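Chemist: Structure incoming, see below.
The values are calculated or read from the model by the stated rules, or taken from the named source; none is laboratory data. These numbers were taken from a predicted model, which means no experiment stands behind them. Please note: Cβ atoms are built from the backbone with ideal geometry, for glycine as well, and neighbour counts cover all protein chains shown.
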Amino acid sequence: MKHDYLIVGQGLAGTLLAYHLIESGKSVRIIDNHFKTSSSTVAAGIVNPVTGRKYTKSWMIDLLIPFALKTYKSLEKKLEIELIHHRNIIRTLPDVRSENNWFSRFSQDGYQNYLEEDPSLGQFSGMIDEPFSYGEIKQSFQVDLSLLLDRFRKMYKDNMIDEEFYHDVLKVENDVIVYKDQEFSNIVFSEGYVVKDNPLFNYLPFEGAKGEVLILHIPGFKPEKILRHKIFFAPLKDDLYWVGSGYAWNLDEVGPTDSERERLLNLADDVLKVPYEIKDHIAGVRPASKDRRPIMGTHPHFSNTHLFNGLGTKGSSLGPYWASRMAEYLLYDHPLDPEVNLNRFTPKEDK
Ligand SMILES: Cc1cc2nc3c(=O)[nH]c(=O)nc-3n(C[C@H](O)[C@H](O)[C@H](O)COP(=O)(O)OP(=O)(O)OC[C@H]3O[C@@H](n4cnc5c(N)ncnc54)[C@H](O)[C@@H]3O)c2cc1C
């Protein structure tokens, strides 16, 4: 039997794309060996509409948020789980300049929807180092990505191939893709940052951005809001908090390191005035692209070989919309936006 699609990678990208293709009646197989440093299992899953040091609205966020909510709600129903947790973000403002920048945003078009006029530290009051000042971001939410991936895998277990994919076993021919003893009409690579080792797509300008995270047990913290004070403190269940994360571009060591653990602990000590216990220390690599845009489309020489990747630091908000666009491109030949199409890059040998 020939399947319609083989998807390599069941991170957020592969999962969302598979969901659309399966819902459209296509026969899909997804291969994944669930390596520990994949991005989606380490991520906090925060959708944050106003980011960066200048408090800028994220790219396309007015469109992405409603689309993401609609998609995750439909997945919640399908998988019978709770994925979306609406939580405002308390963003501390360390000095007068930051405070001025923050307040100047209130008078700018399109920001009012996202900035709370009457911010409140709420449950954090008295439990954290008192910040110089703070603001509050609305319409932010957190998506339980680990639960999504895990439940999807169980619900669609007949579609899953739980093993490592080897490029040297793949045969790409004009009218068929052959992997081991199975035939497919198309293959889509959604393998996260290890795309750098993919012989078909290693010409694309990806740069993995590593982040390390501590999982802290902080008794008495109530999970109402997310705190961004030096680093993120994002609630998980049972008084557990996701605490992180930095950006490292050197990928010689992709697992957790002592130096980053110490840096994160120092920051946590600066912020928290209550006792905590370290429960875990994890690391993952974000599949970021040099131009900070997703990368998707079809290989320049093989019309049945595709890529959906580059969700970078913002997979939770970018993923749903762009997975849907990618599915429409594959299913109905709808054109891809040039800003995300991989044909904006040319392999060296074709130049
Ligand atoms: C520390 C950290 C914090 C983050 N926080 C947030 C956040 O708060 N909000 C947000 O929106 N985003 C966040 N992100 C980014 C987010 O995780 C990514 O945008 C998104 O999850 C990327 O998904 P992906 O499917 O492209 O890649 P991945 O999640 O890396 O998935 C790739 C998959 O491919 C599989 N794979 C690869 N090669 C093979 C092979 N040869 N054989 C078999 N399987 C293979 C892997 O096992 C993996 O499951 C964070 C990332 C990190 C690291």
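Chemist: Provide a single number: the residues in the stretch 24-46 that are in a strand (DSSP E or B), more than 6 Å from the ligand (Cβ to nearest atom) and among the β-branched types (Val, Ile, Thr). Even if it seems obvious, please write down each step before you answer.
Modeler: Taking the stretch 24-46 first, the residues in a strand (DSSP E or B) are 28-31, 46.
Going one step further and asking which of them are more than 6 Å from the ligand (Cβ to nearest atom), we end up with 28-30.
Going one step further and asking which of them are among the β-branched types (Val, Ile, Thr), we end up with 28, 30.
Counting residues in the stretch 24-46 that are in a strand (DSSP E or B), more than 6 Å from the ligand (Cβ to nearest atom) and among the β-branched types (Val, Ile, Thr) gives 2.
Chemist: Within the stretch 271-334, considering only strands (runs of 3 or more DSSP E) that don't extend past its boundaries, which have at least 2 residues that are more than 8 Å from the ligand (Cβ to nearest atom), closer than 21 Å to Phe184 by Cα and in contact with a helix residue (DSSP H, G or I) (Cβ under 9 Å, 6 or more places away or on another chain)?
Modeler: Numbers: elements: 277-289, 295-298, 305-309.
In the stretch 271-334, 295-298, 305-309 are the strands (runs of 3 or more DSSP E) which contain 2 or more residues that are more than 8 Å from the ligand (Cβ to nearest atom), closer than 21 Å to Phe184 by Cα and in contact with a helix residue (DSSP H, G or I) (Cβ under 9 Å, 6 or more places away or on another chain).
Chemist: Do we have Asp118 as more than 10 Å from the ligand (Cβ to nearest atom), within 28 Å of Leu83 (Cα to Cα), under 21 Å from the mean Cα position of the chain (by Cα) and of a type in the set (Asp, Glu) here? Write out each step before concluding.
Modeler: On the way: more than 10 Å from the ligand (Cβ to nearest atom): yes; within 28 Å of Leu83 (Cα to Cα): yes; under 21 Å from the mean Cα position of the chain (by Cα): no; of a type in the set (Asp, Glu): yes.
So Asp118 does not fit the description; no.
Chemist: Out of all the residues in the stretch 207-238, which are touching a Gly at 6+ places or on another chain (Cβ under 7 Å) and either more than 10 Å from the ligand (Cβ to nearest atom) or of a type in the set (Ser, Thr, Tyr) (or both)?
Modeler: Selection gives Leu214, Glu224, Lys225, Ile231.
Chemist: Out of all the residues in the stretch 88-103, is one or more within 14 Å of the ligand (Cβ to nearest atom), touching a residue at least 60 places away in the same chain (Cβ under 8 Å) and polar (S, T, N, Q)?
Modeler: no
Chemist: Any residue in the stretch 111-122 that is loosely packed, with under 14 Cβ neighbours inside 10 Å and charged (D, E, K, R)?
Modeler: yes
Chemist: Inspect the stretch 205-220 for any residue being under 23 Å from His306 (Cα atoms) and not in a strand (DSSP E or B) and give the result as yes or no.
Modeler: Yes, the conditions are met somewhere in the stretch 205-220.
Results for (1) hydroxyl-bearing (Ser, Thr, Tyr); (2) under 22 Å from Val340 (Cα atoms); (3) assigned to a helix (DSSP H, G or I), shown as yes or no for each residue.
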position: Trp59; (1), (2), (3): no, yes, no
position: Ile65; (1), (2), (3): no, yes, yes
position: Ala68; (1), (2), (3): no, yes, yes
position: Thr71; (1), (2), (3): yes, yes, yes
position: Ser74; (1), (2), (3): yes, no, yes
position: Glu82; (1), (2), (3): no, no, no
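Chemist: Next question. Just to be sure before I move on: is Leu6 outside any strand (DSSP E or B), farther than 30 Å from Arg97 by Cβ and more than 9 Å from the ligand (Cβ to nearest atom) in the structure I sent?
Modeler: Details: outside any strand (DSSP E or B): no; farther than 30 Å from Arg97 by Cβ: yes; more than 9 Å from the ligand (Cβ to nearest atom): yes.
In short, no.
Chemist: Filter the stretch 282-292 down to the residues that are buried (at least 19 other Cβ atoms within 10 Å of the Cβ) and of a type outside the set (Ser, Thr, Tyr) and list them by number.
Modeler: Of the residues in the stretch 282-292, the ones buried (at least 19 other Cβ atoms within 10 Å of the Cβ) are 283-289.
Matches in the stretch 282-292: Ala283, Gly284, Val285, Arg286, Pro287, Ala288.
Chemist: Any residue in the stretch 243-260 that is in a strand (DSSP E or B) and either in contact with a Leu (Cβ under 6 Å, 6 or more places away or on another chain) or modelled with pLDDT of 95 or more (or both)? Write out each step before concluding.
Modeler: Quick first cut of the stretch 243-260, residues in a strand (DSSP E or B) only: 243-244, 248.
Then drop every residue that is not either in contact with a Leu (Cβ under 6 Å, 6 or more places away or on another chain) or modelled with pLDDT of 95 or more (or both), which leaves 243.
Taking every residue of the stretch 243-260 in turn, at least one turns out to be in a strand (DSSP E or B) and either in contact with a Leu (Cβ under 6 Å, 6 or more places away or on another chain) or modelled with pLDDT of 95 or more (or both).
Chemist: Quick check, is Tyr193 assigned by TED's automatic domain parsing to the domain that holds Gly315 and closer than 24 Å to Val47 by Cβ? Walk me through it before giving the result.
Modeler: Values: assigned by TED's automatic domain parsing to the domain that holds Gly315: yes; closer than 24 Å to Val47 by Cβ: yes.
For Tyr193, the condition - assigned by TED's automatic domain parsing to the domain that holds Gly315 and closer than 24 Å to Val47 by Cβ - is met.
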